[in-house]
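The values are calculated or read from the model by the stated rules, or taken from the named source; none is laboratory data. Source: prediction; values computed, not measured. Here the Cβ positions follow ideal geometry from the backbone for every residue, glycine too, while neighbour counts run over all protein chains shown.
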Amino acid sequence: MDEIAKPDQLLEKLAADLEQLLDQRNIDDPLMVGIHTGGAWIATILHAKLGLSRPLATLDISFYRDDFSRIGMNPKVKPSSLPPQVEDKHIILVDDVLQTGRTIRAAMNEIFDYGRPASITLACLVDRSGRELPIQADVIGQHLHLQGNQHIKLNGPEPLGFIVT
């Protein structure tokens, strides 16, 4: 297993890389959307670091998952808070750990229910192996190689920390 950097270090890298990417793409007024729960914690910090003007939005993708018939409904479903119109907006979608790609697919499905964004930029704190869908992050804090039976989870929000099982 790779050594895992501290979340604060990864957030600094993520913020700097995201700022550079937005500048390269000439995106100056994006809408940041954090996926509950860990992605929302990360998005809150990134939103402040980047000084974004649009209010932070959040998604709970529980109803959009393709596996809830197998694993059951999340007992702690939270409401999503997206603006009523995402049409032609540049969106920064933030999650804590990218593994299979299914959470991101579900988040994009929910976003498209609100309208067709101009673009979606994906920022993830950790990218680990195990992709099941062809989804990749645009900005990553750290690539992490874990054994097939290992999992990583972000705990928080204060303090942020990783647990590997």
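If the Cβ limit is 7 Å and pairs must be 6+ apart or interchain, which residue in region 90-101 that is farther than 24 Å from LEU52 by Cα pairs with which residue that is assigned to a strand (DSSP E or B)?
The qualifying pairs are GLN99/ARG128.
Scan VAL94, VAL86 and give me the residue that is surrounded by 12 or more Cβ atoms within 10 Å (Cβ to Cβ), at pLDDT 80 or above and not in a strand (DSSP E or B).
Values: VAL94 fails: not in a strand (DSSP E or B).
Sole residue among the options that is surrounded by 12 or more Cβ atoms within 10 Å (Cβ to Cβ), at pLDDT 80 or above and not in a strand (DSSP E or B): VAL86.
Take region 112-133 and flag every residue that is touching a Lys or Arg at 6+ places or on another chain (Cβ under 7 Å) and either assigned to a strand (DSSP E or B) or buried (at least 19 other Cβ atoms within 10 Å of the Cβ) (or both).
The first filter runs over region 112-133 and keeps only residues touching a Lys or Arg at 6+ places or on another chain (Cβ under 7 Å), leaving 117-118, 132-133.
Matches in region 112-133: PRO117 only.
Which residues, taken from region 14-35, are part of a loop (DSSP other than H, G, I, E, B) and surrounded by 21 or more Cβ atoms within 10 Å (Cβ to Cβ)? Give the steps one after another, and end with the answer.
In the first step, residues of region 14-35 are kept if they are part of a loop (DSSP other than H, G, I, E, B); the result is 25-30.
Hit for region 14-35 is PRO30, nothing else.
Which one is nearest to ALA118 (Cα to Cα) among residues in region 38-55 that are surrounded by fewer than 18 Cβ atoms within 10 Å (Cβ to Cβ), without any contact (Cβ under 8 Å) to a residue 60 or more places away in the chain and not aliphatic (A, V, I, L, M)?
The selected residue is ARG54.
What's the total number of residues in region 113-132 that are at pLDDT 95 or above and out of contact with any strand residue (DSSP E or B) (no Cβ under 6 Å at 6 or more places or on another chain)?
Residues flagged as at pLDDT 95 or above and out of contact with any strand residue (DSSP E or B) (no Cβ under 6 Å at 6 or more places or on another chain) within region 113-132 amount to 1.
Against the conditions (1) surrounded by 12 or more Cβ atoms within 10 Å (Cβ to Cβ); (2) of a type in the set (D, E, K, R); (3) part of a loop (DSSP other than H, G, I, E, B), where does ARG105 fall short? Just the number, please.
Result: ARG105 passes all but (3).
Would you please name the residue that is surrounded by the most Cβ atoms within 10 Å (Cβ to Cβ), looking only at residues in region 134-150 that are at pLDDT below 95 and assigned to a loop (DSSP other than H, G, I, E, B)?
Step by step, filter region 134-150, then rank; the result is LEU146.
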